[in-house]
Amino acid sequence: MVSDDSMSDVTPADPIRFDLRPLWTYVLSLSIALLLLSAPLLGELAKLLGAPGVDWIGLFLAVVVTLVLHEACHIACARRLGINVRLGVGRVGPCPVIYVSFLSPLRVGELLEIALAPLVAVTTALVLAGLAVSALVPRATSILLFAASFNVAGSAGDLVMYSVLRSASNDAVVVDRGVYLEVEAKGWRPIVPAYLKYSAFLLCFMLVSSALAVLAASLLGGELSVRIAGFELVLARVTTRSVSGGFELTVAVEPIFVAASTCLALLCLLALDRLVRGRSIKQSIYS
């Protein structure tokens, strides 16, 4: 994790260097958490539509579709704003990434619009396309919905950038220096939001709570459920069946439990953040 030491030798008039690479733990933790949250929800939608499961070829196609549409959306949004860009390949920590490099200065407001465009536009388009073809090509529906989940997870870096830079003035100028962005915003100091500072905690909370739900389901005869207002909500299931030479174990944590545990974790993070509000990002990120 990146510590939150206050900056010391950067004056308010200096351009601030924003480098995503030291934030790779935030990006990775957030990406995994978004995948764990979106995949069960969209998988449940695929089941409701009668779509089949996805094999390895389908997963590969979903990844390819995600990469192409995600970066194409970045490029299209930038060109709509009159900004020339080019694609590049690099790393954020140990993770290889494809990114868009800006060939001319732009404003923070434009950068944030370009950053969020794929998360909003591509995810919506993939889900709507999956719904549209569900009756004709059910397998395509599964691939499109998985692509939507991958696109949500793949937007983690964009969300980190948005979360840090959104506190700057929309009119502040951003210059792409290749490996980092230089932000000319007088008096601005980057702040790490709660869900980023504790993104690893959020991920661990989701994994541990899911494991505890599965354990409880095992102890309760194979199903963990709660009754709310006369409706029974199943949170987790564990089933076994005999196969030749042994048995097969199936474990399922329902989307409603994943969503509820995520909301609970976010509420805990917001409460914790009130205790440490106002502390800025480590100097190595931007100085």
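No value in this document is a laboratory result; all are computed from the given coordinates. Bear in mind that the values here come from a model prediction, so they are computed numbers and not experimental data. In this analysis, Cβ positions are derived from the backbone assuming ideal geometry, glycine residues included, and neighbour counts consider all displayed protein chains.
What are the residues in the range 111-136 that are touching a helix residue (DSSP H, G or I) at 6+ places or on another chain (Cβ under 6 Å), in contact (Cβ under 8 Å) with a residue 40 or more places away in the chain and farther than 30 Å from residue 178 by Cβ, if any?
Listed by number, the residues that qualify are 126, 127, 130, 134.
If you take the residues in the range 135-175 that are in a loop (DSSP other than H, G, I, E, B) and hydroxyl-bearing (Ser, Thr, Tyr), which one is farthest from residue 33 (Cα to Cα)? Spell out how you get there, then give the answer.
Filtering the range 135-175 down to residues in a loop (DSSP other than H, G, I, E, B) leaves 135-137, 155, 166-172.
If we keep only those that are hydroxyl-bearing (Ser, Thr, Tyr) too, we end up with 155, 167, 169.
Values: 155: 12, 167: 24, 169: 29 Å.
Selected residue: 169.
Do you know which of the residues in the range 77-110 that are without any contact (Cβ under 8 Å) to a residue 24 or more places away in the chain, not in a strand (DSSP E or B) and not charged (D, E, K, R) is surrounded by the fewest Cβ atoms within 10 Å (Cβ to Cβ)?
So, considering only residues that are without any contact (Cβ under 8 Å) to a residue 24 or more places away in the chain, not in a strand (DSSP E or B) and not charged (D, E, K, R), the one surrounded by the fewest Cβ atoms within 10 Å (Cβ to Cβ) is 82.
Do the conditions hold for residue 61, that is, is it farther than 17 Å from residue 151 by Cα and either crowded, with 20+ Cβ neighbours inside 10 Å or over 14 Å from the mean Cα position of the chain (by Cα) (or both)? It would help to see each step written out before you state the result.
Values: farther than 17 Å from residue 151 by Cα: no; either crowded, with 20+ Cβ neighbours inside 10 Å or over 14 Å from the mean Cα position of the chain (by Cα) (or both): yes.
The answer is no for residue 61.
Regarding the range 198-212, can at least one residue be identified that is touching a strand residue (DSSP E or B) at 6+ places or on another chain (Cβ under 8 Å) and over 30 Å from residue 49 (Cα atoms)? I'd like the intermediate steps shown before the answer.
Applying the first criterion (touching a strand residue (DSSP E or B) at 6+ places or on another chain (Cβ under 8 Å)) to the range 198-212 yields 210.
Within this subset, residues satisfying the condition of being over 30 Å from residue 49 (Cα atoms) are none.
No, the range 198-212 has no match at all.
Restricting attention to the range 111-134, which residues are hydroxyl-bearing (Ser, Thr, Tyr) and either surrounded by fewer than 16 Cβ atoms within 10 Å (Cβ to Cβ) or in a loop (DSSP other than H, G, I, E, B) (or both)? Explain how you work it out, then say what you get.
As a first pass, look at the range 111-134 and keep what is hydroxyl-bearing (Ser, Thr, Tyr): 123-124, 134.
Selection gives 124, 134.
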